[in-house]
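Only one structure is covered here, and it is reproduced in the block below.
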Amino acid sequence: MKKNYGYILPTIIAAALAIGVFVGGKLHFNDSPERLFTTNSKKDKLNRLIDYIDYEYVDDIDTDSIVDVTVNNILEKLDPHSVYIPKREMNQVSENMKGDFVGIGINFYPYRDTISVIRTIANGPSFLKGILPGDRILMADNDTLFGKNMANDNIVKKLKGEKGSYVELTVYRKSENKTFKVMVRRDIVPIKSVESYYMMTPKMGYIKVNRFAESTFREFKEALKELRKQGAEKLTLDLRDNPGGYLGIAEQMADEFLEDGKLILYTKNKKGRIDKIFATDKGSFEDKPIYVLINERSASASEIIAGALQDNDIGTIVGRRSFGKGLVQREMDLGDGSAVRLTVSRYYTPTGRSIQRTYENGNKDYYKRFTDRYHNGELVSVDSIKVADSLKFTTPKGRVVYGGGGIIPDVFVPIGSNEEEAVESMDSLGFLSFFVFEYLDEDRNRFADISEEEFINDYRVDDILFERFVDYSVNRGLKMDFYDFEDPLKRYIKAALAEQLFGANTHAKIKGSVDAMLKKVLELNQPTIRQAEADEIEATN
């Protein structure tokens with residue numbers, strides 16, 4: 001009997017609600033905001049009201065918060081993806097989309113009220129100064145970084161700073177039972193959007209992209225180049241859970257797979273202006289098999305790539321229907337550190353499809369219709385996806401594709417059971433990572449002499465470690481039939497260990513062996529392999 005786990009759906013909904021924030025490009029107006037938006041009676045009315053409240057209201061009021069509420073209320077009346085970014089959030093959003101920040105280069109875990117290093121960024125400031133996994137950072141200059149109720153935001157602020165500035169860290173190393181000081185020079189630290197890459201087979205490469213930031217295409221090209229060196233002649237591009245980002249980055253990536261002159265997409269604004277984007281002769285992976293993985297949380301730029309390839313009869317789209325966001329935003333600075341991302345056009349796939357879901361009944365209905373997918377059966381069966389005949393389009397080779405509400409894949413892979421999704425959530429939400437950190441922290445020397453290859457091929461999570469994980473989970477209120485999912489849980493525990501010992505690529509490689517969509521790709525790839533073997537035999541004879 002299947003069980004429902006209450007923490008799964010809220011997580012999914014939260015991810016969906018966040019999609020609208022990380023979209024679009026930057027707005028470049030020739031005129032300043034003052035010239036662009038000339039004085040008018042409607043603007044005067046709002047200004048006078050705010051001033052009246054500021055000077056005359058009986059109690060002291062934070063009028064900045066009133067302005068924030070007003071702007072949000074205005075944008076909510078437009079569409080679900082026109083958003084206001086307050087000043088307090090702008091820096092973090094900008095860093096995420098830029099793809100880097102200035103800091104000391106560590107991943108940390110607040111463990112027992114102490115900042116514990118999970119990993120250092122390779123060749124980053126802390127790595128170069130000899131900071132090791134498991135080290136506790138006690139102080140940054142004269143600021144204490146241990147104790148109860150230390151908020152992550154405050155910790156990050158104390159570790160960040162200007163590029164080239166120095167911070168003196170006081171570090172405790174448990175393995176040697178010693179405390180020491182080290183001066184670290186802050187530098188640019190990448191926020192990776194190419195999450196992982198590795199060779200699935202001797203000829204099939206895999207790349208996971210988690211968003212489309214300024215640095216994404218460069219990271220993608222570097223990963224693809226490395227995979228080509230290792231023999232990749234085919235590619236699996238994983239865009240699952242990718243909420244999108246910059247339109248231009250998606251165009252560049254699609255160009256890698258499309259021949260010169262092929263239409264990638266076109267946009268249309270309120271005045272009817274159409275701008276078409278075509279592929280160039282720069283593509284480095286044209287005429288090669290490609291599989292694109294999407295799911296219900298793949299949106300925006302992810303859908304642009306999937307739609308461009310599908311409409312040009314290139315590759316195979318595998319997974320479940322994507323989110324359905326066909327609006328383009330541009331960003332405008334509001335002059336006080338805040339910004340607005342406003343929908344300025346719609347985009348269409350090469351066959352003319354708009355994949356934007358309807359929002360005519362407001363934002364609440366918009367997101368409810370998204371979560372309804374979890375109840376109407378479409379994540380389990382492709383036959384449950386209802387699309388009007390008026391939304392049918394035809395590709396150059398005669399395949400029927402559909403607009404409205406997302407990209408429907410060529411090959412459908414159903415979502416796992418509640419229990420299987422629960423196991424995935426343990427990994428994606430960091431639960432397994434916390435357990436593994438505490439296990440490693442007891443004795444980091446137990447894996448000192450094992451190589452990455454030996455770990456992948458030979459290491460097995462034994463029953464003792466599995467029982468410890470069950471106890472750990474139960475003590476934290478997690479309820480599920482652990483022993484019914486012992487094999488996948490052991491595989492995920494091994495993957496979490498690999499991430500902290502060797503990095504994200506090893507984590508992805510180990511987890512990929514139990515991934516339903518990757519198994520489907522390998523299955524689809526088998527006829528190609530058999531044909532290639534037959535051709536080789538024929539040529540030999």
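Quick notes
- Considering the stretch 1-85, the qualifying helices (runs of 4 or more DSSP H), each wholly inside and each with 1 or more residues that are at pLDDT 50 or above and surrounded by 11 or more Cβ atoms within 10 Å (Cβ to Cβ), run over 41-56, 63-76.
- Leading residue by the ranking (surrounded by the fewest Cβ atoms within 10 Å (Cβ to Cβ)) among those in the stretch 278-299 that are more than 24 Å from Thr201 (Cβ to Cβ) and touching a strand residue (DSSP E or B) at 6+ places or on another chain (Cβ under 7 Å): Phe278
- Taking strands (runs of 3 or more DSSP E) as the structural unit, those lying wholly within the stretch 252-314 and holding at least 3 residues that are closer than 14 Å to Tyr348 by Cβ correspond to 263-268, 274-278.
- From the list Phe220, Phe180, Phe212, the lone residue that is in contact with a Phe, Trp or Tyr (Cβ under 7 Å, 6 or more places away or on another chain) and surrounded by 12 or more Cβ atoms within 10 Å (Cβ to Cβ) is Phe212.
- Neighbours by Cβ (under 6 Å, 6+ apart or cross-chain): first from the stretch 382-407, in the same structural domain as Leu265 (by TED's automatic domain parsing) and surrounded by 12 or more Cβ atoms within 10 Å (Cβ to Cβ); second modelled with pLDDT under 85 and hydrophobic (A, V, I, L, M, F, W, C): Tyr402/Val387
Residues are listed down the side, and each one gets a yes or a no for (1) modelled with pLDDT of 95 or more; (2) surrounded by 14 or more Cβ atoms within 10 Å (Cβ to Cβ):
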site	(1), (2)
Arg460	yes, no
Asp471	yes, no
Gly477	no, no
Pro488	no, yes
Ile493	yes, yes
Leu497	yes, yes
Gln500	no, yes
His507	yes, yes
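- Answer from Phe108, Phe127 - the residue that is closer than 26 Å to Leu440 by Cβ, in a helix (DSSP H, G or I) and of a type outside the set (Asp, Glu): Phe127
The values are calculated or read from the model by the stated rules, or taken from the named source; none is laboratory data. The structure presented is a predicted model; accordingly, all values stated were derived computationally and were not measured. Glycine gets a Cβ as well: all are built from the backbone with ideal geometry, and neighbour counts include every protein chain shown.
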